[in-house]
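Undergrad: Structure below; questions to follow.
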Amino acid sequence: HKRNGRLAAGIVFTDGKSVLLLKRNEKQGTWSIPGGRADKNETPLEAAKRESKEECGSCEGERFDHFFRKYPNQYYHTFMFAVKSPFQVKISDEHSDHKWVPINDVADMKLHPKFRECWNAIKESIKKRYPKRVSFIDWVVINKS
C-alpha cells in the first residue's frame, strides 16, 4: 500500500470510565491510541477504523466527537468512540501491551507526546458525553443549600 504520509488518524475508545491505550514497541515505550497513517485515497475515518482493526482487533462503538490537529508535516484526526464496556483487545506486533486506563489515571502514564498534547481536550469531550450523574440523596443535599 502506498501511504499518504501527511494524513494520520486514530480512535479513542471509551466507556466513560476508562480509555483504551496501547503501548508502542519502541525504545520509549509510550502509550497512545490505536491509529496511524492513511493509505492513498483513504478518508481519515476509514484510516482510523482500519488502523484500529489492525492494532487492537476492533473498531466497535458509536462515534461521538472528532478532533483535528495540524502539525508541520502531518494532519492528525482523532475520533471519539463510545463503547458499552471495555472489549477484548488483540494487539498487533506494533505494540507490546494494552490497558483500559481509568480516565483520571491517563495523565500519569508515559504518553506519546502528541497524545499528551491532546489529552485535556479528549478528557473534556468524554466528560460531556458521560456527564456525572448525581444520586437523589446528593441532589437533595445540593438543593437544600
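The values are calculated or read from the model by the stated rules, or taken from the named source; none is laboratory data. Predicted, not measured: the structure shown is a model, and the values here were computed from it. When we count neighbours, we look across all protein chains shown, and the Cβ atoms used for this are built from the backbone with ideal geometry, even at glycine. To get the accessible areas, we keep the full protein, side chains included, count just its heavy atoms, and leave off ligands, DNA and RNA. Shrake-Rupley method; radii C 1.70, N 1.55, O 1.52, S 1.80 Å.
Undergrad: Using a 1.4 Å probe and counting only protein heavy atoms, arrange ASP39, ASP105 so the residue with the most accessible area comes first. Please list the in-between numbers first.
TA: On the way: ASP39 15, ASP105 70 Å².
So, going from the largest accessible area down, we get ASP105, ASP39.
Undergrad: Here is a follow-up. Quick one: Kirkwood hydrodynamic radius for the range 60-140, alpha-carbon pairs, angstrom, one decimal?
TA: 15.3 Å
Undergrad: Divide, for the chain, the radius of gyration over alpha carbons by 2.2 N^0.38 Å, where N is the residue count.
TA: Rg over 2.2 N^0.38 Å, computed on Cα atoms: 1.14.
Undergrad: What nm distance separates the two modelled labels at GLU46 and ARG63, each placed 7 Å from Cα along Cα→Cβ?
TA: Going by the 7 Å Cα→Cβ label model, 1.3 nm.
Undergrad: Using a Gaussian network model of the chain whose springs link C-alpha atoms within less than 10 Å, name the residue from GLY35, GLY61, GLY16 with the highest mean-square fluctuation.
TA: Comparing GLY35, GLY61, GLY16 in a Gaussian network model of the chain, the most mobile one is GLY61.
Undergrad: Moving to a separate point now. Can you list the residues, at least 5 places off or on another chain, whose amide H is less than 5 Å from the amide H of THR30, using H built in the peptide plane?
TA: When sequence neighbours closer than 5 places are left aside, the close amide H contacts are ARG24.
Undergrad: Another question, if that's okay. At a threshold of 8 angstrom on Cα-Cα distance, excluding pairs fewer than six apart, so keeping six or more, what relative contact order does the range 18-97 reach in percent?
TA: 31 percent
Undergrad: Could you please tell me the mean projected area of the C-alpha convex hull for the range 45-97, averaged over all directions and given in square nanometres to one decimal?
TA: Values: hull surface 17.8 nm².
Value for the range 45-97: 4.4 nm².
Undergrad: Run down the aspartates and glutamates and flag those whose C-alpha is under 16 Å from the C-alpha of LYS70, throwing out any fewer than 8 positions away in its chain.
TA: GLU117
Undergrad: Enter the accessible area per residue of the chain (Å², integer; probe 1.4 Å; all protein chains in place).
TA: Numbers: 9010 Å² over 145 residues.
Per residue, the chain has 62 Å² of solvent-accessible surface.
Undergrad: Contour minus end-to-end for LYS27 and VAL140, with contour as 0.36 nm per residue of separation and end-to-end as the Cα-Cα distance? Walk me through the numbers before you get to the answer.
TA: On the way: separation 113, 0.36 × 113 = 40.68 nm, distance 5.25 nm.
Answer, rounded to one decimal: 35.4 nm.
Undergrad: Counting only the heavy atoms of the protein chains, how much of HIS77 is accessible to a 1.4 Å probe, in Å² to the nearest 10?
TA: Counting only protein heavy atoms, HIS77 exposes about 30 Å² to solvent.
Undergrad: Further, regarding this structure: Given a 1.4 Å probe and every protein chain left where it sits, what share in percent of the accessible area of the chain is carbon and sulfur? Don't jump to the answer; show the numbers that get you there.
TA: On the way: 4420 of 9010 Å².
Carbon and sulfur atoms account for 49 percent of the accessible area of the chain.
Undergrad: Restricting attention to the alpha-carbon atoms of the range 1-55, what are Rg (one decimal) and Dmax (integer), both in Å?
TA: Gyration radius and largest Cα-Cα distance of the range 1-55: 12.1, 37 Å.
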